[in-house]
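Q: Take a look at this one; I'll ask things after.
The values are calculated or read from the model by the stated rules, or taken from the named source; none is laboratory data. Note that this is a predicted model, so its numbers are computed, not measured. Cβ coordinates were reconstructed from backbone atoms using ideal geometry, including for glycine residues, and neighbour counts include every protein chain displayed.
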Amino acid sequence: MTRKEWLSAVDKIDDKYINELADYQLKKKQKSEKKTSEEAEVVLKPQYFRPDQSVKPGTPFKRVMIAAAAVACVAAVGIFIRINNKPQVVPPNDSTGASSGNTISGTSGLPVPENLILDLNLPENTPSAAPVIKLKPRFWDNDKLRKIFIGDKEITSETNYESNGFADEKRYVVYFGDNMRLIYEPTNISCERNDDISAVQSSIASLIERRWLEQFSDEELKSFPKADALARVQNIIDKLEIVNVGEPVIRSVSAEKGNELMSGRTSADKDGNEHTRPEMTDADEFYFITYPLVYNDIELSQHLKMNADFKKSHRPSYIKAVVTKNGIAEFKCENIYESEFEAQENVLINCGAQDALNALIKHYNETFQMSYTTLSGCKLVYITEENLDGQSRVLIPIWQFSGYEITKEEKEQGLEPERLHYDYVLPQTGEIYEELF
Amino acid sequence: MDDQKIVCMFLERDESALREVSKKYGAYCTSIAQNILHNCEDAEECVNDTYLHAWNSIPPNKPTALGAFLGRITKNLALNMLESLHCEKRGGKDVTLPFEELDEFISGNSSIEGECEFNEIVDEINAFLQTLPAKKRMIFVARYWQCEKLSEIAECFGMAESGVAANLSRTCKKLKDHLKRRGFDV
């Protein structure tokens, strides 16, 4: 046995042994702190992070996330490109302007790193300019919201906390009806059934989003039509008076497909014992529907983007629903803003999709690559430029490249990637957005 | 705050969960990252990323052993970071953490064939650990899972460094015998 094999095996030991030591060290630390406090001694120890920085979602991705996400892309024009770990040459950039960003001619000879797979179409129509926009948060009417989601069902328990992001506002957690839970605060709503099969449906929806969107279709389910599911969700959206929604993406999950996806995935109970998740039956099949929010025909990014400067972090905006034949099992909307917005200065889209792609390739050719990355999407989106006091935010148009990544080790083990990957390129200059900070 | 309550806060998307995790497990995670990376800044970055990973993975995960859950994330991130730093410096060679004392117990020749055999060895190590007294088990885990220095383990358990070394040596020898008896070429 080699040292590496030994350590790899030890690395996989049961969680209970790891937790045993963690608990011991924790108790020892608490005891030591108590003693220190009692003796009024000041002991200075090196601080590796400051809690007030580390706890915020706005903490930096820094090198691991950036490098792990590091990607290079290749230009593609209206055609589907797939490159499988072979040294490739990037098609040239014709630089003919924003609206022709996906047209390639000639050969510029940009090399593509070997740990890159491109699996994307570039958008054909790009505006020549788009305004920076300022959005105001959406506050919900308490009574109206409860009427929509709870109706006349019995409330079994209710608590409230301080809102996550809004001073003087509350976040309500309400349990009602048959195991249903409603959580809401300004801009966010989550209403879901709280049982085992719903947890399975929720996990599948999450997996579809993270990796398997392409492997699921929007075909009709046997038990109920897609149109019914869409109508149910649209009904809620209408009642909430959210008008700036884009085209929904819908995926149907049959019991067979759902069980296939969840095969081998386990969950743990409160004692740490692993259990196989319950299997879906035909009654549990569902449609998973996602709506983007759209301003000026440009979607708000649905990707959580952290930044060292918390004010520049972007929180995803979307509406999502899991709909079964019995109704909406899960409805979530996050970071919903008023439909009216303030347009500020115009941003010229000097850099089309392909120019942006070429800029990205150049950037990643010059930086260290840690993961294998597949890019599968490219679109112009709005992301947060600044979160203002009072929770309004200013958003800028930007090229978003999306895909997923896998480490070398995971790839060698034949694992499927489950981590999403995003890159951003400023459309007016072709600069890589991450590099600005 | 107990772990179940913290996990519940994650599930309810309450950002205070991150504060609580930092308060309770910050030092623990930092210690793991620091043991592997030996660099304060990298360790800080690694721990921050641990919180982010936890935030993104709960839900759908509902960890019942939160310390182990966070510890695993930290360790994986730290090893990935170490590998990337190593690759930058050494041109892509594998990283093996320096536990020289192990050379006394293992042949150094690759002997595991396939995932099945690997999983069997893991099962046997788990079974072996179950037979150990808690203190010996924790010392073993501290050294080979948490990658702590002998001096740190000695301080943690109120022992002399030489005592820890002797303790580990005996445990490793027993584990080697245990694996050999079950037909593994160690």
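Here is a yes/no grid of residues against (1) in contact with a helix residue (DSSP H, G or I) (Cβ under 6 Å, 6 or more places away or on another chain); (2) part of a helix (DSSP H, G or I):
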{"site": "A:Y382", "(1), (2)": "no, no"}
{"site": "A:P397", "(1), (2)": "no, no"}
{"site": "A:E410", "(1), (2)": "no, yes"}
{"site": "A:G414", "(1), (2)": "no, no"}
{"site": "A:P427", "(1), (2)": "no, no"}
{"site": "A:G430", "(1), (2)": "yes, no"}
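Per-residue answers, yes or no, for (1) surrounded by 13 or more Cβ atoms within 10 Å (Cβ to Cβ); (2) touching a strand residue (DSSP E or B) at 6+ places or on another chain (Cβ under 8 Å); (3) within 21 Å of A:E330 (Cα to Cα); (4) at pLDDT below 80:
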{"site": "A:T103", "(1), (2), (3), (4)": "yes, no, no, yes"}
{"site": "A:L116", "(1), (2), (3), (4)": "yes, yes, no, yes"}
{"site": "A:N121", "(1), (2), (3), (4)": "yes, yes, no, no"}
{"site": "A:A130", "(1), (2), (3), (4)": "yes, yes, no, no"}
{"site": "A:I133", "(1), (2), (3), (4)": "yes, yes, no, no"}
{"site": "A:D141", "(1), (2), (3), (4)": "no, no, yes, no"}
{"site": "A:I148", "(1), (2), (3), (4)": "yes, no, yes, no"}
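Q: A follow-up question, please. Would you be able to say whether some residue in region A:194-214 is surrounded by 16 or more Cβ atoms within 10 Å (Cβ to Cβ) and over 22 Å from the mean Cα position of the chain (by Cα)?
A: The answer is yes, given that some residue of region A:194-214 is surrounded by 16 or more Cβ atoms within 10 Å (Cβ to Cβ) and over 22 Å from the mean Cα position of the chain (by Cα).
Q: OK, next. Which members of region B:168-186 meet the condition of being touching a residue at least 40 places away in the same chain (Cβ under 8 Å) and not aromatic (F, W, Y)? So that I can check it myself, show each step before the final result.
A: Here is the first cut: in region B:168-186, the residues touching a residue at least 40 places away in the same chain (Cβ under 8 Å) are B:168-169, B:172-176, B:178-179, B:182, B:184-186.
Listed by number, the residues that qualify are B:L168, B:S169, B:C172, B:K173, B:K174, B:L175, B:K176, B:H178, B:L179, B:R182, B:D185, B:V186.
Q: What strands (runs of 3 or more DSSP E) lie completely within region A:236-344 and have 2 or more residues being modelled with pLDDT of 90 or more and buried (at least 18 other Cβ atoms within 10 Å of the Cβ)?
A: A:249-253, A:286-292, A:298-300, A:318-324, A:327-334
Q: Return the residues of region A:150-203 that are away from chain B (no Cβ under 13 Å) and among the aromatic types (F, W, Y); say none if nothing qualifies.
A: If the condition is that a residue be away from chain B (no Cβ under 13 Å) and among the aromatic types (F, W, Y), then A:F176 is the only one that fits.
Q: What tally of residues in region A:11-31 results from selecting those that are farther than 18 Å from B:N119 by Cβ, surrounded by fewer than 18 Cβ atoms within 10 Å (Cβ to Cβ) and not acidic (D, E)?
A: Within region A:11-31, residues that are farther than 18 Å from B:N119 by Cβ, surrounded by fewer than 18 Cβ atoms within 10 Å (Cβ to Cβ) and not acidic (D, E) number 7.
Q: Does region A:160-180 contain any residue that is more than 15 Å from A:Y291 (Cα to Cα), of a type in the set (S, T, N, Q) and within 25 Å of the chain's Cα centre (by Cα)?
A: Yes, region A:160-180 contains a residue that is more than 15 Å from A:Y291 (Cα to Cα), of a type in the set (S, T, N, Q) and within 25 Å of the chain's Cα centre (by Cα).
Yes or no, residue by residue, for (1) facing chain A (nearest Cβ under 7 Å); (2) modelled with pLDDT of 75 or more; (3) within 20 Å of the chain's Cα centre (by Cα):
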residue	(1), (2), (3)
B:Y51	yes, yes, yes
B:S57	no, yes, yes
B:S110	yes, no, no
B:G114	no, no, no
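Q: Against the definition (under 20 Å from A:L26 (Cβ atoms), facing chain A (nearest Cβ under 8 Å) and either surrounded by fewer than 20 Cβ atoms within 10 Å (Cβ to Cβ) or among the small types (G, A, S) (or both)), how does B:A65 come out, yes or no? Please lay out each step first, then the result.
A: Numbers: under 20 Å from A:L26 (Cβ atoms): yes; facing chain A (nearest Cβ under 8 Å): yes; either surrounded by fewer than 20 Cβ atoms within 10 Å (Cβ to Cβ) or among the small types (G, A, S) (or both): yes.
Against the criterion (under 20 Å from A:L26 (Cβ atoms), facing chain A (nearest Cβ under 8 Å) and either surrounded by fewer than 20 Cβ atoms within 10 Å (Cβ to Cβ) or among the small types (G, A, S) (or both)), B:A65 qualifies.
Q: Out of region B:109-167, which residues are in a loop (DSSP other than H, G, I, E, B), touching a residue at least 24 places away in the same chain (Cβ under 8 Å) and either in contact with a strand residue (DSSP E or B) (Cβ under 6 Å, 6 or more places away or on another chain) or within 30 Å of A:S32 (Cα to Cα) (or both)?
A: Result: B:L132, B:W145, B:Q146, B:C147, B:E148, B:K149.
Q: Can you tell me which residue in region A:345-368 is farthest from the other protein chains (Cβ to nearest Cβ), limited to those that are surrounded by 20 or more Cβ atoms within 10 Å (Cβ to Cβ) and out of contact with any strand residue (DSSP E or B) (no Cβ under 8 Å at 6 or more places or on another chain)?
A: The selected residue is A:G352.
Q: Now, a different point. Condition (residue is small (G, A, S) and touching a residue at least 12 places away in the same chain (Cβ under 8 Å)) applied to region B:43-55: is it met by at least one residue?
A: yes
Q: Which pairs have Cβ atoms under 7 Å, sit 6 or more apart or on different chains, and link a residue in region B:1-22 that is closer than 13 Å to B:T64 by Cβ and within 10 Å of chain A (Cβ to nearest Cβ) to one that is aliphatic (A, V, I, L, M) and crowded, with 18+ Cβ neighbours inside 10 Å?
A: Correct list of pairs: B:D3/B:L66; B:V7/B:I58; B:V7/B:L66; B:L11/B:I58.
Q: Take the residues of region B:172-186 that are part of a loop (DSSP other than H, G, I, E, B) and at the interface with another protein chain (Cβ under 9 Å from one of its Cβ atoms): which is farthest from B:L129 (Cα to Cα)? Please lay out each step first, then the result.
A: Residues of region B:172-186 that are part of a loop (DSSP other than H, G, I, E, B), as a first pass: B:182-186.
This time we only want the ones that are at the interface with another protein chain (Cβ under 9 Å from one of its Cβ atoms), so: B:184-186.
Working: B:F184: 17, B:D185: 19, B:V186: 17 Å.
Restricting to residues being part of a loop (DSSP other than H, G, I, E, B) and at the interface with another protein chain (Cβ under 9 Å from one of its Cβ atoms), the top hit is B:D185.
Q: Next question, about the same structure. Can you confirm whether region A:195-205 contains a residue that is under 26 Å from A:R146 (Cα atoms), modelled with pLDDT of 85 or more, among the charged types (D, E, K, R) and not in a helix (DSSP H, G or I)?
A: no
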